[in-house]
1. Anything in segment 49-67 that is closer than 17 Å to Val143 by Cβ, assigned to a helix (DSSP H, G or I) and not polar (S, T, N, Q)? List them, or say none.
2. Which of the numbered conditions does Asp84 fail, given that it passes all the others? Conditions: (1) more than 28 Å from His53 (Cβ to Cβ); (2) in a helix (DSSP H, G or I); (3) open to solvent by less than 60 Å² (accessible area, probe 1.4 Å).
3. Hey, among the residues in segment 146-163 that are touching a helix residue (DSSP H, G or I) at 6+ places or on another chain (Cβ under 6 Å) and not β-branched (Val, Ile, Thr), which one's most open to solvent (accessible area, probe 1.4 Å)?
4. Does Leu102 satisfy being under 21 Å from Phe77 (Cα atoms) and open to solvent by 60 Å² or more (accessible area, probe 1.4 Å)?
5. Going through segment 87-99 one residue at a time, which ones are within 20 Å of Ala18 (Cβ to Cβ) and open to solvent by 40 Å² or more (accessible area, probe 1.4 Å)?
6. If Thr76 passes every condition in (1) touching a helix residue (DSSP H, G or I) at 6+ places or on another chain (Cβ under 9 Å); (2) open to solvent by 30 Å² or more (accessible area, probe 1.4 Å); (3) at pLDDT below 95 but one, which one does it miss?
7. With the requirement that a residue be surrounded by fewer than 21 Cβ atoms within 10 Å (Cβ to Cβ) and not in a helix (DSSP H, G or I), what does segment 17-33 give you?
8. Taking the criterion of being assigned to a helix (DSSP H, G or I) and either at pLDDT below 90 or exposed (fewer than 15 other Cβ atoms within 10 Å of the Cβ) (or both), would at least one residue in segment 34-48 satisfy it?
Amino acid sequence: LSALVAGVVFLAPATLVAMAGPIGARVKPHFRPTVVMAAAGVIAAVALFTLTHATAWWSFIPLFALAGFGFGLGWTFANLATQDVVDPDRAGEASGVLLTVLVAAGGIGLAIVATSIAGLERHGHSPESAYFTSLRVIAIITVAWAAIVLAIRSVLVRRGLMAPLSMRKAWTPPR
């Protein structure tokens, strides 16, 4: 893609990442954060996986935007979940730690993906094939991570250590 077209393509996910915050604020009263984070991961993963089968450059825009929305919503709810479990006096610290972890994980993930793409290209894959293979692996890892989060959540709910999915009644953790 030309620099202009690539900029337009990347503007869409950036816009939806930004919109995920206000949308998350409207969704929060109705759903538990872990469920939204898992669903957001699945949305992003499906968009990334579908992106690897796109044939026209313009189809990248809505798919990339949907992936951006999923990852943005997950990021938003990671912040919301953190704020739910820390003392309000320490909310700023918790938010800073979470941001540091997420940005560091993103940087490490980028380094891993760039290295894998370079390795795939050295072993005969075309650049497009290497990129798409990497996106498919990221999509699979994201769905697996969402499943793990929901499985852990289920165990914690059964043990009484986490609120059930229903938002209808107030829940207090056991003392």
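The values are calculated or read from the model by the stated rules, or taken from the named source; none is laboratory data. Fair warning: this is a prediction, and the values are worked out from it, not measured in the lab. Positions of Cβ are generated from backbone atoms using ideal geometry, with glycine treated the same way; all protein chains shown enter the neighbour counts. Ligands, DNA and RNA are stripped out before the accessible areas are found, and what is left, the full protein with its side chains, is counted by its heavy atoms. Shrake-Rupley method; radii C 1.70, N 1.55, O 1.52, S 1.80 Å.
1. Phe49, Leu51, Leu63, Leu66, Ala67
2. In the conditions (1) more than 28 Å from His53 (Cβ to Cβ); (2) in a helix (DSSP H, G or I); (3) open to solvent by less than 60 Å² (accessible area, probe 1.4 Å), Asp84 misses (3) alone.
3. Selected residue: Leu150.
4. No; evaluated as a whole, the condition is false for this residue.
5. Matches in segment 87-99: Ser95, Leu99.
6. (2)
7. Matches in segment 17-33: Phe31 only.
8. Checked against the condition, which is being assigned to a helix (DSSP H, G or I) and either at pLDDT below 90 or exposed (fewer than 15 other Cβ atoms within 10 Å of the Cβ) (or both), segment 34-48 yields at least one hit.
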